[in-house]
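Everything below concerns the one structure shown next.
The values are calculated or read from the model by the stated rules, or taken from the named source; none is laboratory data. No experiment lies behind these values; they were computed from the predicted model shown. For neighbour counting, all protein chains shown are included, and Cβ atoms are generated from backbone atoms with ideal geometry for every residue, glycine included.
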Amino acid sequence: MHYVIYVSQASTPMTAADLESLLSFSRASNTEKGITGLLIYRFSPDTKSGHFIQMLEGDESAVRALYARIMRDKRHHTILPLAEGESPARMFGEWAMGFKNVDDTLLASLPGHSRIGESTFDAAAFENSNDKALELFRIFHDAP
């Protein structure tokens, strides 16, 4: 099972309607392509910016094609790949696209928390270490 994990910054903050539209389209399209995953969105009121982290999993060619389309999507920028690899099984097999809209309180409680676009964000910390990115998704997957 191939997977890709990336982070990005929203071009403009996403409204609830924007997120619902994105998820509705993504879930239908992903089901068709056999892709599962999780999208996490966070709006930061202090910087008035939105950020995404997403994991996609499925057939390698389908995941790579979707990721290439995501890279061209104008709804976000500063797309940073965090991890890519193979896993023996799906982590999110039950979700065509799971979703969490998180706030600062929740994120601040996670190990290694930092904000993309700020000096505390260290993309290099994720390089060659899929474990940190995968652990973040496990936390959200296992949360009640």
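Look at the stretch 23-52 and say how many of its residues are part of a strand (DSSP E or B), under 22 Å from His2 (Cβ atoms) and in contact with a Ser or Thr (Cβ under 8 Å, 6 or more places away or on another chain). Break it down stepwise before answering.
The initial filter retains those residues of the stretch 23-52 that are part of a strand (DSSP E or B), namely 36-44, 49-52.
Still in the list and also under 22 Å from His2 (Cβ atoms): 36-40, 52.
From what is left, the residues that are in contact with a Ser or Thr (Cβ under 8 Å, 6 or more places away or on another chain) are 39, 52.
Residues in the stretch 23-52 being part of a strand (DSSP E or B), under 22 Å from His2 (Cβ atoms) and in contact with a Ser or Thr (Cβ under 8 Å, 6 or more places away or on another chain): 2 in total.
Residues checked against (1) loosely packed, with under 14 Cβ neighbours inside 10 Å; (2) modelled with pLDDT under 85; (3) in a loop (DSSP other than H, G, I, E, B):
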position: Tyr3; (1), (2), (3): no, no, no
position: Thr12; (1), (2), (3): yes, no, yes
position: Leu19; (1), (2), (3): no, no, no
position: Glu57; (1), (2), (3): no, no, no
position: Ile70; (1), (2), (3): no, no, no
position: Thr105; (1), (2), (3): yes, yes, no
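With respect to Leu82, is the statement that it is assigned to a strand (DSSP E or B), touching a helix residue (DSSP H, G or I) at 6+ places or on another chain (Cβ under 6 Å) and of a type outside the set (Gly, Ala, Ser) true? Give the derivation first.
On the way: assigned to a strand (DSSP E or B): yes; touching a helix residue (DSSP H, G or I) at 6+ places or on another chain (Cβ under 6 Å): yes; of a type outside the set (Gly, Ala, Ser): yes.
Taking the combined requirement at face value, the residue satisfies it.
Check Gly98, Gly50, Gly34 and return the single one that is modelled with pLDDT of 85 or more and in contact with a His (Cβ under 9 Å, 6 or more places away or on another chain). Lay out the reasoning, then the answer.
Details: Gly98 fails: modelled with pLDDT of 85 or more; Gly34 fails: in contact with a His (Cβ under 9 Å, 6 or more places away or on another chain).
After ruling out the rest, the residue left standing is Gly50.
Are any residues in the stretch 40-69 under 17 Å from Thr12 (Cβ atoms) and either in contact with a strand residue (DSSP E or B) (Cβ under 8 Å, 6 or more places away or on another chain) or aliphatic (A, V, I, L, M) (or both), and if so, which ones? Lay out the reasoning, then the answer.
First, pick out the residues of the stretch 40-69 that are under 17 Å from Thr12 (Cβ atoms): 41-52.
Within the stretch 40-69, Tyr41, Arg42, Phe43, Ser44, Ser49, Gly50, His51, Phe52 qualify.
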